[in-house]
Structures are given as C-alpha cells and as structure tokens.
Amino acid sequence: MYALNYQRAKSLDEAVKLLGAEPEAKLMAGGQTLIPTLKARLAQPSHLIDLARVAELKGIEVKDGVLIIGAMSKHYEVMTSAVVQKAIPGLANMASLIGDLQVRNMGTMGGSIANNDPAADYPAGVLAHNVTIVTNKREIKADDYFQGMFATALEEGEIIIKLLWPLPKKSAYSKFEHPASGYAMAGTCIAQLADGSVRVGVTGAGSSGAFRWTEAEEALAKSFSLKALEGLKVDPETCLGDLHAPPEYRAHLVGVMAKRALEKML
Amino acid sequence: MQPSRREDLRLIQGTGHYTADWNQPGQLYGYVLRSPEAHADIVSLNVEPARAFPGVVKVMTFADVEAAGFKSLVGGVAPNVKGVGDSAMKKPFYPVLADKKVQYVGQAVAYVIAETAAIAQDASEAIEIEYSQLPPTVTVEDSLADGAPQLHADIPGNVGFVYERGDAAAVDEQFKRAKYTSKIHLESQRLIVNPMEPRACLAVYHADEDRYTLYSSSQGIVNMRNQVSTVTGIPQAKLEIIADDVGGSFGIRSTPYPEYMVSLLAAKQLGKPIKWVGTRTDSFLSDYHGRALELNGEIAIDENGRFLAFRWDDRVDLGGYAGGNGAFIGTNNLTITCGGVYDVAALYARTRLIYTNTTPISAYRGAGRPDIAFAIERLVDQACHDHGLDPVETRRKNFVKAAQMPYKTPLGTTYDCGDFAAVMDDALAQADWAGFAGRKAASEKAGKLRGIGFATFLEASGGGNTPSDQTAARFDAKGDVTIYCAAGASGQGHETTFISLFAKELGITEDGIGYRASDSNMAVVGNGTGGSRTLLGQGSSFKLLAQKVIEKATPHAAEALGVTADAVSYAGGSFSAGGKSVGLRELAKKLASAAAAHPFDCGAEGTFGVTFPNGCHVAEVEFDPVTGVAEIASYAAVDDLGNVMQPTLVLGQVHGGVVQGAGQVFGEHAVYDRESGQFLTASFMDYTMPRAATVPLAMKWRGHAVPTKTNLLGAKGVGESGCSGSLPALMNAVMNALRPMGIDNMQMPITAAKVWQALQASEGGAAVRKAA
C-alpha cells in the first residue's frame, strides 16, 4: 500500500468537505474491495475518507411503501434486519449470499453500488426493484445509474446517502457462484413490483456490467410462470468470457438462475 | 475442552512462533523485485534511483551474489542418475537473482533493503529495468514444438533429460501377445501449493563468532542447511536454522529459496539482521508450483483378463529451471511404482523433463506418486470399460497376492507386504458398492447424473536421502528430558506423537518430556518431513532412543539398588531388583548436575526402509446436467497404513489428502497465458481452492492394517495416501457418470463450465437436456 492520509468523517458535511478539498481523495465505505486494491498498489489516493462514522448514512426503515436503507448498512445488517426480512425477504437473502462472514460484516450496500463490480450481487437487485439512489446532490433512478463495468452516474463529490427500495409484491434472487472468488458468475433477480410490472436484473454475466433482461421481463409480465422463461436466452454476444467460463455458459446460467429465482416466488 | 494435540493450545492462542513472528533488534527489511516478464533479456538494470531513496540501505542484484561467489540454486537429478544413452541431465545455472535474462514471471531480479518494508517496496519501483521481450513457452507441448522459443542457450529443444526405467523390449513382447490393449492420456495439472503461512525469513550474522542464524520455515534442517551452504558457501557448521512452527509445507518448504540466501549475505555485509516476509502474491508467483505432469499410459491384457504389461511415456514440466525436487519427481517418483498393485510381467516408463517459462516445480503432497497412482487406476478403469471387463474382479485377478509377498516388481522394487484384495473388499463393503444401482436410479429420477468409481492404489513412502534417522535425549537438572530429531513439523503433530511414543516406550507419563525438532545446536541428522516418512523413520529412532535411555540408566539403577546390572529389570518406568525399586525419573533427578552432562544423555539412530501404504478409495459423484456442477455424493476409504499410532491425527491426514485431491479434481489450476506467458491465476479470485463443503461431511474411513517389518513400529506412511486415493477414485467416478453421455475422457479440473460445454457437444447431453 502506498502511504496515504487517512481521515475519518464524522458527518456527511465533513465528508463532502474533505472530498472536495483534495483532488486525489477517495471515499471508503466498508473497504472490502478498496483495501485489497490499495494493498496491491492498484490505486494511489492521496487521502482516504472513512465513512464508517457518518450517522446520516445509516439506518434501515420502511416508510410509505418504501424500504429505506442507509448507504453504510452492512451486508450483515441487511441480511439479519427484521425490517428487511419482512419488507423484501429476497433482498435479505441476497445480502446473505455476498462474500463470506467477514466481508458481510464490513462491506456495505452503498460501497458495493458505488463500486459497481460487474459480478457484485446488489446491482441485480437494484435494477430489478427499480431502486432510487439518493445522493447528497440528487436522486438517481436505477436505470440511469449503472453505466458499465465499474462505471456509475455518480459525479465528482457525490456521495450515496441511501437507497429507496419500493416494496415489491414479491422478489427473489438466485446466484451461481464463481468457483474461486464466490462472486456471481451469473445472478438473476426477479421482482414483481407493486404495480404488477416485472423487472429482471442480471449481474455477473454481462460484458458491460449489470443489466435488465427485458425479454424475460416481457415474457413474465404476460405470464408469471416457468413456462414463460422457456426458450428465452440471453445473447452470448453480450456476455463476459474468461478463463473460468465462456460467454455461452454465462448466458445459459442467467436463464437457469432466472428459473431458480422464479421457483422461489411461485 | 482440551485440544487433542499438544501443539494446538499454543497455535490457536496465537502464541506459536511462525517465521514472521521472529524479530531482532535493529533489523532491516527486504523486498524482492520480481520479473513481470515471462521470457526476456535484461537489457539494462539501474538500481541507483532506488539506492538514493531515503531509508534504503542496500540494493542487491546478480552482481552482488556473483561477487559473493554464490552457486546455482540446487535442483535436478542426483549426479549418479543417468538418462537414455547414459546422458546426464542438462541443468541450467539457476541464479539467486536473475542474470541477464528472466525465465518466468515472478523470478527474483533485485533485492532492496531498507529501514521499513514499505520503504523497500516503494524504492523497488524506482529501479529502472529495460527488458527485451522474447516469445515465451508455457506448456511442454509448446516447448517441444518445432521452432519453439529456447530458454537456455545450451539446452536446445528445451529438453533437460530423457529418463527411462524398465525393459522396453520385454514390454513390446507382452503387447504383441496381448488380446486387449487400452491407452489413456492424462494431465495432472499445475497447482499452487498454498500453505497457510506465506514464505518468510529472518537472517542474522553473529560477527563475533562468524556465525549465522536463519529463521525460516522448513521441513527439516538437513536439506535446508546443506543447500544454503552449497549455494552461499557458508559452512554448515556456521549456520543455525530455526523453524519452530511452520504453517504448512506439502513439499515446497523442504529446500531454501533465493530470499534466504540474499538475506544471509546482506546480514553479513550490513552487520544487521534482515527480515523478509512474503505476501500471498509472492507465494503464488514464486513458491515452487506442484504437479504439472502429463501421463500417457498403455496396458496389455491377455485373453483371460490378466494384465501383462504397462508402458508409460510421460512429460514433466520443470518450469524455467530445475529447482527443488522437480526432476526427482519426474524420474524416480513417477516410475518407482508404475505397475501399482498389479502383478505384471513387464514394465517400461520413459519420462521427458522439459523447460518452460513458468515457475519451477517441486514436491506437492505425494510428489509424483499420486500422479502415477491416478494414471494407473484411470488406465485400468478405462481398459475395463473398453473391453467389458468387471472392474472389481479384474483388479482382484491381477493383484499381487498377499501370498506373493515380498514381491519384486519387474523394475526391481520390492513390496514387502500388503493384502490388496482384502483392502478392496473391505472398502467396497463400507461404500455399499453393491447398492449403487439403487442410488443411481434415485439420482436419475431427480434429473442428476451419478457415477461411482474406485481405485486400488499403492505408493512408495519413506525413502529418505540421509543415511539414517538420528534422535537424541538430553536430561536437565530437574531430571526432565528433551528429545530431539531433525525433521520439522508443519502441522502433522510431531510433538504429540513423539512425546507419546517415547513416554509409552519408557512406561512413564508425558509430564516433563519436551520435544525439539531441527535444532541446529544438536548434532542430529535425519530426513526432513517428506514422503510420509517421519513417523516410520524418526519414530522408529525414538523407539530405539527409549531403549538406549534404559540401557544408559541400568548401571546407575543397579548401583542405587545395590545389585549388579544384570540383576535389574525395567518395567512401567521403574527399575527393580530383589523387591526394591527406583523410578527412572527419580534416578534421573538424583543424578542431574549442572556441572556435567547427564549420564542418561544418549542418541539413537537407524535406517528404515521404504513402506508401501495402499488402499482402496470409493467415491460417488453426482452432476447437475443443467449447470454442470458436481457434488461428491459419498466418499468411503480403507487404507492399509500398517500400525496406527495416533488415530485422530491419521484421520486428519486422510481427510486433508482427500480434500487436496478433490481440489485438484474439481477446481485448482495454475494457468499461464500461452501468448504472453503472464500468470493468470495469481490470487484466490482466480485460483479455486477446495472449501470445507467440497467433500461430504460424512466421509467414511477405516484402517486395514498389514504391519510392515521394515521399521520398528510396523507403520506405513499416511501423509500422501489421501491424494493418491482420491485423484483416481474421484476421476473414475466422474467418468462413470459422464461416459453414458458420450464423453470419453476429460482432463482435470472438472469445472462446471467444462462439464456443461462437454454435455452441450455430446449426444447424451442432448438427450438429458431434452428430458430436463
């Protein structure tokens, strides 16, 4: 790790101020991706601003049909929260599948979404549930937020405060773990929203990061059944291929995970 | 709750002494700059900018180790081992720091020493190196191809050695008369060994005595000291090596690494201790890798199903240099038991040892023996399938029978004992072999593909390279005793085992008995831990040592009891004669004096032969054809390990070996990019380690002891049998499940993606997909 200046922000205002003060400053949420990156000397921020003590970024509650999750909520909190388990059990389950116990006790929802790893779990959920991302500057709709691998709509100086999860009728996530890393090789989240519309978010497989599988959404909107998914296939051309799996396999897995998620909902 | 091993309390409370736990006042820190290139000339190397870095004390390159007269790192076959046509092995000079050329990604190029580890690493980035890239070759196939890149100017074609063993003509004869033949091509892929403790060292020079201390993990002192001395020229007598706790070794901690040598040199030159602690990345790149063998086997069978001969043509990837034990694995270990448990008329094996632009290979849990056991049992299984022979009865028919022991193989190896049929029957019964059809039908109903496989294997364990295993006992002023040997534990529980063995042999309690391994101040020699031999070698020596203590003590007991020595008898920790008795401990305490050596102090030694642990492992594997995911549905093993001293530790060894085998079968694979020679699996993000859930919780095991007479304990090696049994058993189960789909052979690792792709391409797969 290169030498850097560690700063612990005590409030959102302070975090914003510190972030604006140094051009090479970087925010740290749970650090589960950032710290290994720093240790491998793949990043060299001049200042690291730790958000762990920022009270405004915490808390989980349901208000007016929306599950509000503070950006610094740890995966473990999401997984074990009685509020989440009642409001969106599929999301609690998704959190329980992230990383391992140590990661879940440090990693945060805001950190994951800000990093937008193409194989992270939450992006599939955010897309499927049509989540609104609230920052210190504005509100961003899920569909506008993800902009390719590790790329988001977040601008300089922008900090995620909370995520607004509209309560769905039901939702579920199914994940095929990468055999080495445990990240999603393919993960599919299906949500049937309050207005009856169906959204399908996919992570791990896309060559441009998480995406909505609109073909499956249309089919499920017509008939919310396993039969509706039959014969549907993600185009392998749009999928990642690497040492571990060719694009065809990932494309196939998206469909299998969709069926397995749907089975949980029927 | 008391832990079951003496070591555990210390280790789980964090009070053990791993290498990085040692520190010395005033120590400096080293950082190794490694090659980012697979194959390149070093056009220029300028370390001045790093030297000028604040806090940097020294930067070392090849020039420094050359000036110090360092020799090549040690590797290759022993000088008396000749290849085809009486040829000697072509072994390039393996410099401690790269000289003019780099041969693999991760090769040590420069060593920066600074006041802190962070400064040393920062400064290393200021080193200016210009590399001129050369085309790399990272597979034996590419190294052997026409026009392949040449690694070493004096080794045209990249072939280091062609070795053969057995009688080629006799094998040809058997193949001519054979009714059936089968052949198989198998790869035992390159693995990362990944001990829990990354490599580290602390080197100290004692100027007043012109003496060195090296703290580093090791499997035993003799090899380490010998090789460090050979490379650096430091006399062995001036080199103390300390390794208290070692967090896993598996073969790759048996020989020294470049950092140890340069740290010793710097410690002397700077007059300060030098500490180096490697990262996990250093381990991935520069710990010796394991396996990397290609096995091509053929079997000849007569009209009655009797095996006539095996023929092997194997290719061994040495890596960029001959280091560690790579060449020994590729010659001796691959061939010594290449007929397995079978009574055949003729055997022949040829192996070619090839250089590639990859990290050099050394021993990994079994070091070639699991690989050949795997190959034999895969070939036998394939032959049974090819010719419609029953796999159980065919094996039974061809076993070396218990009545044939001792049995000399066509290669001259003598198996001293074993009852392979009994072991197989025991294992098949435990696994409910007969009930498989029912389980397969149940799996089919659930849409799964189930296969069963087994392996009846044997391996040679216990061969060592030092002439004998010595042990010693030293009594202190309290009459307490410390016992010593040369082998170093890396998790095996030697402390528990040997103290218990010594105490039982003397009929005394374990209190007041201490154990020290690899203590340079004790002049005990002996083999390092390796080849599953420590119990049968050093354990036997400890048994002798206990008898020596009794012999030493007897005259003193006689004096204390007022009788002649021949009147004294020893039992249950006490000497007695004529109704009087005196305890060994009591006597030891009485005779202790601070001024002189204790009269009971003594040493023992013995030479103990190779043993042939064998077993039958049975596995069932179930595939989900929709995703290709495999699950080990059941695992049941029976091993003939001779007499078992510590059942819990033995079970742990079997479990560990099976898990490592399962890791190789289903996930682990060290992969280099064929074009660039870059190492693609340099972290746990890309390198698939087995997890606890890889194997079933209800793994069944039992021992079936046929004690050996080749050592005093009747014990056979256990450390590696788990790998030797699980590789073929699991792969035979995999193929049993996949063959009906029209898949004939598949190379490890059997990943879900690979299985799914194979099913996509196969006719059977198409049928399954339709049904699903």
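Select, from B:Ala577, B:Ala630, B:Ala588, B:Ala604, the only residue that is crowded, with 16+ Cβ neighbours inside 10 Å, within 30 Å of A:Val256 (Cβ to Cβ) and of a type outside the set (Lys, Arg).
From the options B:Ala577, B:Ala630, B:Ala588, B:Ala604, the qualifying one is B:Ala630.
Surrounded by fewer than 16 Cβ atoms within 10 Å (Cβ to Cβ) and among the charged types (D, E, K, R): is that true of A:Asp100 in this structure? Reasoning before the result, please.
Numbers: surrounded by fewer than 16 Cβ atoms within 10 Å (Cβ to Cβ): yes; among the charged types (D, E, K, R): yes.
In short, yes.
If B:Met689 satisfies all but one of (1) within 14 Å of chain A (Cβ to nearest Cβ); (2) out of contact with any Pro (no Cβ under 9 Å at 6 or more places or on another chain); (3) crowded, with 20+ Cβ neighbours inside 10 Å, what's the number of the condition it fails?
Just one mismatch for B:Met689, condition (3).
Pull up the stretch B:750-769, narrow it to residues that are in contact with a helix residue (DSSP H, G or I) (Cβ under 6 Å, 6 or more places away or on another chain) and not in a helix (DSSP H, G or I), then point me to the one that is farthest from the other protein chains (Cβ to nearest Cβ). Steps first, answer last, please.
Our first condition is that a residue be in contact with a helix residue (DSSP H, G or I) (Cβ under 6 Å, 6 or more places away or on another chain); within the stretch B:750-769, this holds for B:750, B:753, B:756, B:759, B:762, B:764-765.
Next, only the ones that are not in a helix (DSSP H, G or I) stay: B:750, B:762.
Working: B:Ile750: 11, B:Ser762: 15 Å.
This residue is B:Ser762.
Determine, yes or no, whether B:Arg211 is surrounded by 20 or more Cβ atoms within 10 Å (Cβ to Cβ) and of a type in the set (D, E, K, R).
No: the conditions fail for B:Arg211.
Answer yes or no: is there a residue in the stretch A:224-232 that is among the polar types (S, T, N, Q) and under 22 Å from the mean Cα position of the chain (by Cα). First the steps, then the outcome.
If we filter the stretch A:224-232 for residues that are among the polar types (S, T, N, Q), which is where we start, we get A:225.
Next cut, under 22 Å from the mean Cα position of the chain (by Cα) only: none.
The answer is no, given that none of the residues of the stretch A:224-232 is among the polar types (S, T, N, Q) and under 22 Å from the mean Cα position of the chain (by Cα).
Is it the case that the stretch B:236-251 has a residue that's under 24 Å from B:Pro95 (Cβ atoms) and surrounded by fewer than 20 Cβ atoms within 10 Å (Cβ to Cβ)?
Applying the first criterion (under 24 Å from B:Pro95 (Cβ atoms)) to the stretch B:236-251 yields B:236, B:238-239, B:241, B:251.
If we keep only those that are surrounded by fewer than 20 Cβ atoms within 10 Å (Cβ to Cβ) as well, we get B:236, B:238.
Yes, the stretch B:236-251 contains a residue that is under 24 Å from B:Pro95 (Cβ atoms) and surrounded by fewer than 20 Cβ atoms within 10 Å (Cβ to Cβ).
Among the residues of the stretch A:93-102, is there at least one that is touching a Phe, Trp or Tyr at 6+ places or on another chain (Cβ under 6 Å) and closer than 16 Å to A:Tyr183 by Cβ? Can you show your working first?
Step one: filter the stretch A:93-102 for residues touching a Phe, Trp or Tyr at 6+ places or on another chain (Cβ under 6 Å), giving A:94.
Within this subset, residues satisfying the condition of being closer than 16 Å to A:Tyr183 by Cβ are A:94.
Yes, the stretch A:93-102 has at least one match.
Exactly one condition in (1) within 30 Å of A:Pro23 (Cα to Cα); (2) among the basic types (Lys, Arg); (3) within 14 Å of another protein chain (Cβ to nearest Cβ) is not met by A:Lys162; state its number.
(3)
Consider only pairs whose beta carbons are under 6 Å apart and that are at least six residues apart or on different chains; among these, list those whose first residue lies in the stretch A:166-193 and is over 18 Å from A:Leu220 (Cβ atoms) and at the interface with chain B (Cβ under 9 Å from one of its Cβ atoms) and whose second residue is of a type in the set (D, E, K, R) and surrounded by 19 or more Cβ atoms within 10 Å (Cβ to Cβ).
A:Ala180/B:Asp686
If we scan the stretch A:65-85, do we find a residue that is over 20 Å from A:Asn115 (Cβ atoms) and part of a loop (DSSP other than H, G, I, E, B)? Explain how you work it out, then say what you get.
From the stretch A:65-85, those over 20 Å from A:Asn115 (Cβ atoms) are A:65-68, A:80-85; that's our starting set.
Those still in the list that are part of a loop (DSSP other than H, G, I, E, B) too: A:65, A:81.
Scanning the stretch A:65-85 turns up at least one residue that is over 20 Å from A:Asn115 (Cβ atoms) and part of a loop (DSSP other than H, G, I, E, B).
Residues that are within 27 Å of the chain's Cα centre (by Cα): which helices (runs of 4 or more DSSP H) entirely in the stretch B:2-88 hold 2 or more of them?
On the way: elements: B:6-12, B:48-51, B:62-67.
The helices (runs of 4 or more DSSP H) meeting that bar are B:6-12.
Does the stretch B:112-147 hold any residues that are of a type in the set (D, E, K, R) and more than 15 Å from B:Gly55 (Cβ to Cβ), and which are they? It would help to see each step written out before you state the result.
Let us first name the residues in the stretch B:112-147 that are of a type in the set (D, E, K, R), namely B:115, B:122, B:125, B:128, B:130, B:141-142, B:146.
Answer for the stretch B:112-147, where residues must be of a type in the set (D, E, K, R) and more than 15 Å from B:Gly55 (Cβ to Cβ): B:Glu128, B:Glu130, B:Glu141, B:Asp142, B:Asp146.
When you look at A:Gly20, is it in a helix (DSSP H, G or I), surrounded by fewer than 19 Cβ atoms within 10 Å (Cβ to Cβ) and touching a residue at least 40 places away in the same chain (Cβ under 8 Å), yes or no? Full working, then the answer.
Values: in a helix (DSSP H, G or I): yes; surrounded by fewer than 19 Cβ atoms within 10 Å (Cβ to Cβ): yes; touching a residue at least 40 places away in the same chain (Cβ under 8 Å): yes.
So A:Gly20 passes the test.
In the stretch B:513-566, which residues are assigned to a loop (DSSP other than H, G, I, E, B) and in contact with a helix residue (DSSP H, G or I) (Cβ under 7 Å, 6 or more places away or on another chain)?
Of all residues in the stretch B:513-566, those assigned to a loop (DSSP other than H, G, I, E, B) come to B:518-533, B:562-564.
Residues satisfying the conditions are B:Ser518, B:Ser520, B:Val525, B:Gly526, B:Asn527, B:Gly528, B:Thr564.
Out of the strands (runs of 3 or more DSSP E) lying entirely within the stretch A:167-266, which hold 2 or more residues that are closer than 30 Å to B:Asp673 by Cβ and touching a His at 6+ places or on another chain (Cβ under 8 Å)? Don't jump to the end; show me each part of the working.
Numbers: elements: A:170-177, A:184-192, A:198-203.
Of the strands (runs of 3 or more DSSP E) lying wholly inside the stretch A:167-266, those with at least 2 residues that are closer than 30 Å to B:Asp673 by Cβ and touching a His at 6+ places or on another chain (Cβ under 8 Å) span A:184-192.
Let's see how each residue does on (1) away from every other protein chain (no Cβ under 14 Å); (2) modelled with pLDDT under 95; (3) not in a loop (DSSP other than H, G, I, E, B):
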| residue | (1), (2), (3) |
| --- | --- |
| B:Ala633 | yes, no, yes |
| B:Ala662 | no, no, yes |
| B:Gly677 | yes, no, no |
| B:Ala682 | no, no, no |
| B:Ala693 | no, yes, yes |
| B:Pro696 | yes, yes, no |
| B:Ala705 | yes, no, no |
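Give the stretch B:144-161 a look and list any residue that's closer than 11 Å to B:Arg315 by Cα and either free of Cβ contacts under 8 Å to residues at least 12 places away in the same chain or assigned to a helix (DSSP H, G or I) (or both), or say none.
Listed by number, the list holds a single entry, B:Leu144.
Take the residues of the stretch A:201-238 that are within 14 Å of chain B (Cβ to nearest Cβ) and more than 12 Å from A:Ala119 (Cα to Cα): which is surrounded by the most Cβ atoms within 10 Å (Cβ to Cβ)?
We begin by selecting, within the stretch A:201-238, every residue within 14 Å of chain B (Cβ to nearest Cβ); these are A:204-205, A:226, A:229-231, A:233, A:236.
Checking which are more than 12 Å from A:Ala119 (Cα to Cα) leaves us with A:226, A:229-231, A:233, A:236.
Numbers: A:Leu226: 14, A:Leu229: 23, A:Glu230: 10, A:Gly231: 8, A:Lys233: 14, A:Pro236: 18.
Going through the qualifying residues, I end up with A:Leu229.
Would you call B:Met741 away from chain A (no Cβ under 14 Å), surrounded by fewer than 24 Cβ atoms within 10 Å (Cβ to Cβ) and under 30 Å from B:His704 (Cα atoms)? Let's see the steps before the verdict.
Working: away from chain A (no Cβ under 14 Å): yes; surrounded by fewer than 24 Cβ atoms within 10 Å (Cβ to Cβ): yes; under 30 Å from B:His704 (Cα atoms): no.
Spelling it out, it is not the case that B:Met741 is away from chain A (no Cβ under 14 Å), surrounded by fewer than 24 Cβ atoms within 10 Å (Cβ to Cβ) and under 30 Å from B:His704 (Cα atoms).
Do the conditions hold for B:Tyr29, that is, is it farther than 30 Å from B:Gln133 by Cα and modelled with pLDDT of 95 or more? Don't jump to the end; show me each part of the working.
Values: farther than 30 Å from B:Gln133 by Cα: yes; modelled with pLDDT of 95 or more: yes.
Judged against the criteria, B:Tyr29 is a match.
Being over 20 Å from B:Arg439 (Cα atoms) and surrounded by 24 or more Cβ atoms within 10 Å (Cβ to Cβ) is the filter here, so list the residues in the stretch B:611-627 that pass it. Please lay out each step first, then the result.
If we filter the stretch B:611-627 for residues that are over 20 Å from B:Arg439 (Cα atoms), which is where we start, we get B:611-616, B:627.
Selection gives B:Thr611, B:Phe612, B:Pro613, B:Asn614, B:Gly615, B:Cys616.
Report yes if some residue within the stretch A:161-177 is crowded, with 17+ Cβ neighbours inside 10 Å, among the β-branched types (Val, Ile, Thr) and under 14 Å from the mean Cα position of the chain (by Cα); otherwise report no.
No, because not a single residue in the stretch A:161-177 is crowded, with 17+ Cβ neighbours inside 10 Å, among the β-branched types (Val, Ile, Thr) and under 14 Å from the mean Cα position of the chain (by Cα).
Residue under question is B:Met731, and the condition is that it be in a helix (DSSP H, G or I) and within 25 Å of B:Val659 (Cα to Cα); does it hold? Please lay out each step first, then the result.
Working: in a helix (DSSP H, G or I): yes; within 25 Å of B:Val659 (Cα to Cα): yes.
Criteria met by B:Met731.
Filter the stretch B:664-675 for residues that are assigned to a loop (DSSP other than H, G, I, E, B), of a type outside the set (Val, Ile, Thr) and within 10 Å of chain A (Cβ to nearest Cβ) and give the result. Reasoning before the result, please.
Taking the stretch B:664-675 first, the residues assigned to a loop (DSSP other than H, G, I, E, B) are B:667-671, B:673-675.
Subset that is of a type outside the set (Val, Ile, Thr): B:667-670, B:673-675.
Across the stretch B:664-675, the qualifying residues are B:Gly667, B:Glu668, B:His669, B:Asp673.
Scan the stretch B:330-352 and tell me whether some residue there is surrounded by 24 or more Cβ atoms within 10 Å (Cβ to Cβ) and under 24 Å from B:Gln678 (Cα atoms).
Checked the stretch B:330-352: no residue is surrounded by 24 or more Cβ atoms within 10 Å (Cβ to Cβ) and under 24 Å from B:Gln678 (Cα atoms).
If the requirement is being surrounded by fewer than 24 Cβ atoms within 10 Å (Cβ to Cβ), more than 14 Å from chain A (Cβ to nearest Cβ) and more than 22 Å from B:Ser188 (Cα to Cα), which of these qualifies: B:Asp302, B:Asp282? It would help to see each step written out before you state the result.
Details: B:Asp282 fails: more than 14 Å from chain A (Cβ to nearest Cβ).
Going through B:Asp302, B:Asp282 in turn, the sole match is B:Asp302.
Does B:Ala503 satisfy being surrounded by fewer than 24 Cβ atoms within 10 Å (Cβ to Cβ), outside the structural domain of B:Tyr212 (by TED's automatic domain parsing), over 21 Å from B:Pro599 (Cβ atoms) and without any contact (Cβ under 8 Å) to a residue 60 or more places away in the chain? Let's see the steps before the verdict.
Values: surrounded by fewer than 24 Cβ atoms within 10 Å (Cβ to Cβ): yes; outside the structural domain of B:Tyr212 (by TED's automatic domain parsing): yes; over 21 Å from B:Pro599 (Cβ atoms): no; without any contact (Cβ under 8 Å) to a residue 60 or more places away in the chain: yes.
When the stated conditions are applied, B:Ala503 does not pass them.
Considering only the stretch A:94-111, how many residues are in contact (Cβ under 8 Å) with a residue 40 or more places away in the chain and at negative phi?
Initially, the stretch A:94-111 is screened for residues in contact (Cβ under 8 Å) with a residue 40 or more places away in the chain, giving A:94, A:97, A:99-100, A:103, A:106-111.
Now drop any that are not at negative phi, which leaves A:94, A:97, A:100, A:103, A:106-111.
Total satisfying the criteria: 10.
The values are calculated or read from the model by the stated rules, or taken from the named source; none is laboratory data. None of the values given here were measured: they were computed from a predicted structure. Note: ideal-geometry Cβ built from the backbone for every residue, glycine included; neighbour counts use all protein chains shown.
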